[in-house]
Amino acid sequence: MKSRGTVMSRRLASAATVSDWGSLKAGDRVEILKHSQISAAGEVEEVSSSGNVLWLVPADPSETQVFLKSDGVQVRYS
């Protein structure tokens, strides 16, 4: 059985926001947060070379969504 500390540290690591969007890779599963609320979730399709624009393929069947870092959204691994 895993210790409670190990489980908690993994949970906190997965909940941490991604400050460097350039580190994201196509296929990474993420959640998009706006005002501390999840506004979208899905797989990263592409990230701009500047790391300021993220294209997301949503979990529900719909078109690719675009998110801008300058809009104040946060990304975290799901």
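Odds and ends about this structure:
- Residue match in segment 52-71 (condition: on the phi > 0 side of the Ramachandran plot and not aromatic (Phe, Trp, Tyr)): no
- The residue of segment 10-24 that is surrounded by the fewest Cβ atoms within 10 Å (Cβ to Cβ), among those that are assigned to a helix (DSSP H, G or I) and at pLDDT 90 or above, is SER23.
- Applying the set (1) more than 9 Å from the chain's Cα centre (by Cα); (2) of a type outside the set (Lys, Arg); (3) surrounded by 13 or more Cβ atoms within 10 Å (Cβ to Cβ) to GLY72 leaves exactly one unmet item: (3).
- When residues in segment 49-78 are screened for being under 14 Å from VAL18 (Cβ atoms) and part of a loop (DSSP other than H, G, I, E, B), 4 of them pass.
- Annotation: of all residues in segment 29-59 being under 12 Å from the mean Cα position of the chain (by Cα), open to solvent by less than 60 Å² (accessible area, probe 1.4 Å) and of a type in the set (Gly, Ala, Ser), the one that is farthest from TYR77 (Cα to Cα) is ALA40.
The values are calculated or read from the model by the stated rules, or taken from the named source; none is laboratory data. A quick note: this is a predicted structure, and the numbers were derived from the prediction, not measured. Cβ sites come from the backbone with ideal geometry, for glycine too, and all protein chains shown count toward neighbours. Each accessible area value is taken on the protein alone, full model and side chains, heavy atoms only, with ligands, DNA and RNA left out. Shrake-Rupley method; radii C 1.70, N 1.55, O 1.52, S 1.80 Å.
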